[in-house]
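These notes concern the structure reproduced below.
The values are calculated or read from the model by the stated rules, or taken from the named source; none is laboratory data. This one's a predicted model, so the numbers in the text were calculated from it and none came from an experiment. We place every Cβ from the backbone using ideal geometry, glycine too, and count neighbours over all the protein chains shown.
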Amino acid sequence: MIKRELYSVEGSKLVRQRRFCPRCGPGVFLAEHADRYACGRCNYTEIKKETKPKSEAPETKTKSAQKPKTEAKPKPKKEKSE
């Protein structure tokens, strides 16, 4: 990662592209991995929350398409003979 990729200029303002480490303070960015954010200086780590993409809409089934539910029958208890 090149430092110039961590910043962008919008108009007359400097915008930082990464988050700062809450322990180390401003100036130390968190590395962004697929499943977490990590600080290379103090080893602070935050796990990313898993979110489902909005494109995956839940499927709706009509009553005729649903399978009937089958209930599990309780197993008969065996009697102990002494």
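Annotations for the structure displayed:
Each row is one residue, and each column tells you yes or no for (1) surrounded by 10 or more Cβ atoms within 10 Å (Cβ to Cβ); (2) modelled with pLDDT under 85; (3) of a type in the set (Asp, Glu).
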| site | (1), (2), (3) |
| --- | --- |
| Arg19 | yes, no, no |
| Pro22 | yes, no, no |
| Gly27 | no, no, no |
| Ala34 | no, no, no |
| Tyr37 | yes, no, no |
| Glu50 | no, yes, yes |
| Lys61 | no, yes, no |
| Ser64 | no, yes, no |
| Ala72 | no, yes, no |
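- Figure legend. Inter-residue proximity from segment 24-53: first residues within 25 Å of Leu14 (Cβ to Cβ), second residues assigned to a loop (DSSP other than H, G, I, E, B) and of a type in the set (Gly, Ala, Ser), beta-carbon distance below 8 Å, spacing 6+ or different chains. Indicated pairs: Ala31/Gly40.
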